[in-house]
1. LYS311: which aspartates and glutamates have alpha carbons under 19 Å from its alpha carbon, excluding same-chain residues fewer than 8 sequence positions away?
2. Tell me, what is the FRET efficiency for ARG66 and ALA232 to the nearest 0.05, using R0 = 22 angstrom and their Cβ-Cβ distance as r?
3. Using only helices, what value at 222 nm comes out for the chain when you add -39,500 (n - 2.57) per DSSP H run of length 4 or more and divide by the total residues, to the nearest 500 deg cm²/dmol?
4. Quick one: among ALA32, ALA112, ALA59, which has the greatest mean-square fluctuation in a GNM of the chain with alpha-carbon springs under 10 angstrom?
5. log₁₀ I(q)/I(0) of the chain at q = 0.08, 0.14 Å⁻¹, via Debye over equal Cα point scatterers, no solvent, to two decimals?
6. Roughly how tilted is helix 301-316, in degrees to the nearest 10 and between 0 and 90, from the longest Cα axis of the chain?
7. Which value in nm describes the separation of the simple spin-label points at THR287 and HIS128, placed 7 Å from the Cα toward the beta carbon?
8. Relative to the longest principal Cα axis of the chain, at what angle does helix 249-259 sit, 0 to 90 degrees, rounded to 10?
Amino acid sequence: MKHVLVIGASGQIGSELTMKLRDCYGNENVVAGYIPTAELKGELKESGPSAVVDVTDAAGIAAVVREYQVDTIYNLAALLSVVAESKPKLAWKIGIDGLWNVLEVAREQGCAVFTPSSIGSFGVSTPHVKTPQDTIQRPCSMYGVTKVTTELLSDYYFNRYGVDTRSVRFPGIISNVTPPGGGTTDYAVDIYYSAVKGEKFVCPIARGTFMDMMYMPDALNASIMLMEADPAKLVHRNAFNIASMSFEPDMIFQTIKKRLPAFEMSYEVDHLKQCIADSWPDCLDDTCAREEWGWNPAYDLESMTTDMLEKLSMRLR
Ligand code: VAH
């Protein structure tokens, strides 16, 4: 049975990924790694082992990997795109210095490593529609710079040292559990909260701005499927394009309004978020993921909206 460490277990993806991994591999076999300022709570804390893991502390990571005989590390430590622009040095320290520590521990102790990239790894010179798996990557944000470097460093550790590194390029992730923390795509989560609370939503992204988005259950399945995939079939490793839906603000608004007719939205464009969003692709070509490890999302905008409104209504009303 796998022994897994999730670094960044209190984050938007990490918190749900930890619970999903515990379902897959057994509660006791999945360690929730967290930083002291992001204390774990509730089922995440009670359902299995946890440990303080600061990605900038190599010795600390190594000690936890040894103590729990970890063979697979999901490294989700990162600053998201908007926050990274206000703290670029910290974004690099966590995203890349931290990744170096994780890869060195993995090399010394024989662990597989999953460190996600993002659609943020592309820039304005990348083809925006049906973005190819292999194409130009000249991002303009610090978040994007750390994600391209993540892909290259992970490839290097596989090619040079044989470390089993794998990852995907996540789109904007939408979930009904842990709110997002400082990203360009946060609007696609916040809009559902406003709708369920009966509040008018003020959208920070301009009408007509397409971005790839994905419901959390599909993102979690993609991460685990890839790490379970037959390595002999992987032509690519870091990082697979994965896609499930591409929409712009008016499309998600109309999908919600069909279900909640009183829901209203206006626009107040946030310049930084819009500048980042304009540099990202409209929609990815994820043929390689589908062919090499069977990627196949379950949710589209309609089914995600039904589930989001149902789950949030139960929790917030
Ligand atoms: C962000 N939600 O907006 C993250 C993600 C592709 C988007 O990286 O920064």
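The values are calculated or read from the model by the stated rules, or taken from the named source; none is laboratory data. Here the structure is a predicted model, which means the values were calculated and not measured. Ideal geometry is used to build each Cβ from the backbone, glycine not excepted, and the neighbour counts take in all protein chains shown. With ligands, DNA and RNA removed, areas are computed over all heavy atoms of the protein, side chains included. Shrake-Rupley method; radii C 1.70, N 1.55, O 1.52, S 1.80 Å.
1. Answer for LYS311, where 19 Å is the Cα cut-off: GLU16, GLU43, ASP186, ASP190, GLU199, ASP218, ASP300, GLU302, listed by chain and number.
2. On the way: r = 29 Å, r/R0 = 1.34.
E(calc), rounded to 0.05, equals 0.15.
3. Values: 13 runs with 139 residues, N = 317.
When only DSSP H runs of four or more count, the value is -13000 deg cm²/dmol.
4. Top of the fluctuation ranking is ALA59.
5. One equal scatterer on each Cα of the chain leads to -0.34, -1.08.
6. Once rounded, one gets 90 degrees.
7. 2.3 nm
8. Helix 249-259 and the main axis of the chain meet at about 70 degrees.
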